[in-house]
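Written below as structure tokens is the structure these notes are about.
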Amino acid sequence: MMAEMGMTVYRPWTAVDAFFTFAMWTVMMIGMMTGSAAPILLLFAGVQRMRTGRRVPLTVLAFGTGYLAVWAGFSAVAAFAQWSLQRAALLSDTMAASKPALAAAIMIGAGAYQLTPFKGACLSHCRSPLGVLMTAWRDGVLGAFRMGSRHGVFCLGCCWALMTMLFAVGVMNLAWVAALTVLVLIEKVTPAGVLFSRAAGAAMIGGGVYLLALGG
């Protein structure tokens, strides 16, 4: 009856629900981050090819696995956050914030993070793949995994707040998933990426303030 009246109702999760939610976030993060990670992966593969003479060294796979492991960890946290929000009846059936104030807070928080020095430092790291390889080179498969995970940590520091936007607009909102994917790509690989990042942050803050004004 409460669901028919448009109210958000918590439905207890099973282990299967938790697994598929984690899997959904993992696949989504891999899809969203692969494009922006391609430059450093291709560069790493080129260096390894020159060093070993092999076409696809095992170390390239290890580097990619290390990178994806970091985002798999984030996916686990995101799945837990989704469960917590649903348990508190703060997510709608479309997996978007059920209260405008919550959506506004997420948008303002994500936008503010875009303007922080920490975001800037992580973005600078992600925008300099050659510098990453030159300053943090490690030999061997384990070394490659460590390099990939280290880069993944910086990438996570750069983009985690953007991913929380999905809780405001809908976790499965494909239009926003595509928009955030493009935003991440522009930030990391285009000359105006830093400026665009800050402009996007200001726009998120403005959108959050607008939602608060509507709610008021």
Residue pairs meeting the criteria (Cβ under 8 Å; at least 6 apart or on separate chains; first loosely packed, with under 15 Cβ neighbours inside 10 Å and outside any helix (DSSP H, G or I), in the range 14-37; second of a type in the set (A, V, I, L, M) and at pLDDT 95 or above): none
Single match in Gly131, Gly140 (criterion: touching a residue at least 24 places away in the same chain (Cβ under 8 Å) and out of contact with any Gly (no Cβ under 7 Å at 6 or more places or on another chain)): Gly140
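One line per residue, one yes/no per condition, for (1) surrounded by 14 or more Cβ atoms within 10 Å (Cβ to Cβ); (2) in contact with a strand residue (DSSP E or B) (Cβ under 9 Å, 6 or more places away or on another chain):
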position	(1), (2)
Leu41	yes, no
Phe44	yes, no
Arg51	no, no
Trp83	yes, no
Ala89	yes, no
Ala105	yes, yes
Of all residues in the range 150-175 being surrounded by fewer than 17 Cβ atoms within 10 Å (Cβ to Cβ) and of a type outside the set (Ser, Thr, Tyr), the one that is farthest from Ala38 (Cα to Cα): Met172
Of the criteria (1) touching a helix residue (DSSP H, G or I) at 6+ places or on another chain (Cβ under 9 Å); (2) part of a helix (DSSP H, G or I); (3) over 18 Å from Ala72 (Cβ atoms), which one Trp137 fails: (2)
Members of the range 180-194 that are out of contact with any Lys or Arg (no Cβ under 9 Å at 6 or more places or on another chain), over 15 Å from Met29 (Cβ atoms) and surrounded by 15 or more Cβ atoms within 10 Å (Cβ to Cβ): Ile186
Considering residues of the range 43-101 that are of a type in the set (S, T, N, Q) and in a helix (DSSP H, G or I) only, the residue modelled with the lowest pLDDT: Thr52
Cβ pairs under 7 Å, 6+ apart, first in the range 169-192 and closer than 24 Å to Thr21 by Cα, second aromatic (Phe, Trp, Tyr): Val169/Trp176; Gly170/Trp176
Selection within the range 110-120 - in a helix (DSSP H, G or I), surrounded by fewer than 17 Cβ atoms within 10 Å (Cβ to Cβ) and touching a Gly at 6+ places or on another chain (Cβ under 8 Å): Ala112, Phe118
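The values are calculated or read from the model by the stated rules, or taken from the named source; none is laboratory data. On a predicted model such as this, the values are computed, not experimentally measured, just so you know. Heads up, the Cβs are rebuilt from the backbone with ideal geometry, glycines too, and the neighbour counts pull from every protein chain shown.
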